[in-house]
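Q: Below you will find the structure I want to go over with you.
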Amino acid sequence: MTNDEFERAMLWNSLTNLGSYAKLNLRIDEMIVAKDLLKFSENWCPYNEKKDVHNNRWGLPVTSHTGDVMDNYHLNSFGYMQKYHDVKMKEENFTTPTEVYHAVPQIKKLVDVFAPDIGRVHILKVNQGGYFPPHRDFAGVAPEYFRLSCVFGSCSDFNYVQTLHDQIFRPERNYLYFVNFQLNHSVFSFSDNLYNLILTVKLNRRTHDLIIKHSMSQ
């Protein structure tokens, strides 16, 4: 293990000591976001369509490789693309803000807290019958990146089920959460318009301290 890996392992251990998730005092107003997103109604693309049969999951890039809102190549599994299509993909290659970033200030302000230490940022929309099967992200004791999540839209107890570490996970809508997505997790939607803003964040001392600073437990 290199010195950088050792430091990341210590930082990651500190974050996961907060628990499997931690609510942050960073939030959006979903009514404003919903209005701002209307102009992008034709820009949603099937999520992970190269990996499996499209199952009513959609993605809208807040950042991309080129900054083009239709540059959605990264809305496929990195692992799958690299394994089966011999394509090298790195988080730092997909950080150019798209029009979504500029047109939706409620989302921009969250991204700006962690920028420039970000990777991919996108909004997921899961419609009725859509799901993310059980899986884990960023394996290893010293991950280079971690993810933050903010659910909004149709995310009442009756509209969807999200699991984390084989337990029902009910984040409060509109709030940003640090989530240990190395734990097994899944999502199933019973209705349309379940949204999840996903920020991929580089793990370093600065971003670690930001999570601690904004944790609701402080």
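Q: Just for the stretch 185-218: of the residues that are buried (at least 19 other Cβ atoms within 10 Å of the Cβ) and hydroxyl-bearing (S, T, Y), which one is farthest from the chain's Cα centre (by Cα)?
A: Selected residue: S189.
Q: Out of D157, D137, D209, D117, which single residue is of a type in the set (D, E) and farther than 22 Å from A9 by Cα?
A: Of the residues listed, the single one that is of a type in the set (D, E) and farther than 22 Å from A9 by Cα is D157.
Q: Also, I was wondering about something else. Mind listing whichever residues of the stretch 145-168 are surrounded by fewer than 17 Cβ atoms within 10 Å (Cβ to Cβ) and not aliphatic (A, V, I, L, M)?
A: Residues satisfying the conditions are S156, D157, F158, N159, T163, H165, D166, Q167.
Q: Same structure, new question: Those residues that are part of a loop (DSSP other than H, G, I, E, B) and over 20 Å from A34 (Cβ atoms), I need them from the stretch 167-212; list them, please.
A: Those that are part of a loop (DSSP other than H, G, I, E, B) and over 20 Å from A34 (Cβ atoms): F169, R170, N180, F181, Q182, L183, N184, L203, N204.
Q: Could I ask something else about it? Take the stretch 134-156 and flag every residue that is touching a Lys or Arg at 6+ places or on another chain (Cβ under 7 Å), assigned to a loop (DSSP other than H, G, I, E, B) and more than 21 Å from T207 (Cβ to Cβ).
A: Result: C155, single match.
FYI, it's all coordinate maths here, none of it is from the lab. Only a predicted model underlies this, so the values are computations on that prediction, with no experimental measurement involved. Heads up, the Cβs are rebuilt from the backbone with ideal geometry, glycines too, and the neighbour counts pull from every protein chain shown.
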